[in-house]
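The values are calculated or read from the model by the stated rules, or taken from the named source; none is laboratory data. What you see is a predicted model; the values in this text were computed from it and never measured. Ideal geometry is used to build each Cβ from the backbone, glycine not excepted, and the neighbour counts take in all protein chains shown.
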Amino acid sequence: MKHHTLDALRSTAGIHTNFQDFSTTREARLVRWAELLEREPDRRLRTLPETECQPPSVRDRMRCADSPMAVAYEDAVFRAEGLKDDSYGEAKRFFELTDWQLHGFVCSCHSGATVRSGIAAKSLRRAARPSPGLWAMLWDALLLR
């Protein structure tokens, strides 16, 4: 086995290190997922049936081909960052989403058997925004009365 310096490998193998690191923040991952979905905003993606009615162990294993989670799993950057599969539970873990958030754009009760990719992206962008703390929400509620 011959050893090479990293610079020699870069020039020989064409290694690129200029991709953005999405593991740094939850928001960056969600925004990237939304961008992937926005590439084909009218694409019809399959939803999961009644995720809120399933026990957590079943819900976490739910998946289907051509779903919003499948679009994320097709991305090489996400797989390199640790996305293991296209299941509901893995999307929840990797993107740090609550069941309520994930349910909002992958469950059939919201859009039927399919959802437009652009609509799912909008839900992801909403989830990407940092939520205000409890005190900030109370203060806003008092001021807006």
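Overview of results
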| read-out | value |
| --- | --- |
| Subset tally (residues that are in contact with a strand residue (DSSP E or B) (Cβ under 9 Å, 6 or more places away or on another chain), within 20 Å of Lys84 (Cα to Cα) and among the basic types (Lys, Arg)) for the range 37-70 | 3 |
| Yes/no for Ser11 being assigned to a helix (DSSP H, G or I), modelled with pLDDT of 90 or more and hydroxyl-bearing (Ser, Thr, Tyr) | no |
| Only one of Ala128, Ala120 that is within 11 Å of the chain's Cα centre (by Cα) and farther than 18 Å from Arg44 by Cα | Ala128 |
| Every residue from the range 36-71 that is within 16 Å of the chain's Cα centre (by Cα) and among the hydroxyl-bearing types (Ser, Thr, Tyr) | Thr47, Ser67 |
| Counted residues, the range 27-56 - those being at pLDDT 95 or above, in contact with a Leu (Cβ under 9 Å, 6 or more places away or on another chain) and not in a helix (DSSP H, G or I) | 2 |
| Subset tally (residues that are among the small types (Gly, Ala, Ser) and either farther than 20 Å from Thr98 by Cα or part of a loop (DSSP other than H, G, I, E, B) (or both)) for the range 57-76 | 3 |
| Restricting the range 104-116 to residues that are part of a helix (DSSP H, G or I) and surrounded by fewer than 21 Cβ atoms within 10 Å (Cβ to Cβ), the residue that is nearest to the chain's Cα centre (by Cα) | Gly104 |
| Tally of residues being touching a Ser or Thr at 6+ places or on another chain (Cβ under 9 Å) and either touching a residue at least 40 places away in the same chain (Cβ under 8 Å) or farther than 20 Å from Glu52 by Cβ (or both) across the range 74-108 | 9 |
| Residue under evaluation Arg145, criteria (1) modelled with pLDDT of 90 or more; (2) over 15 Å from Glu35 (Cβ atoms); (3) basic (Lys, Arg), criterion not met | (1) |
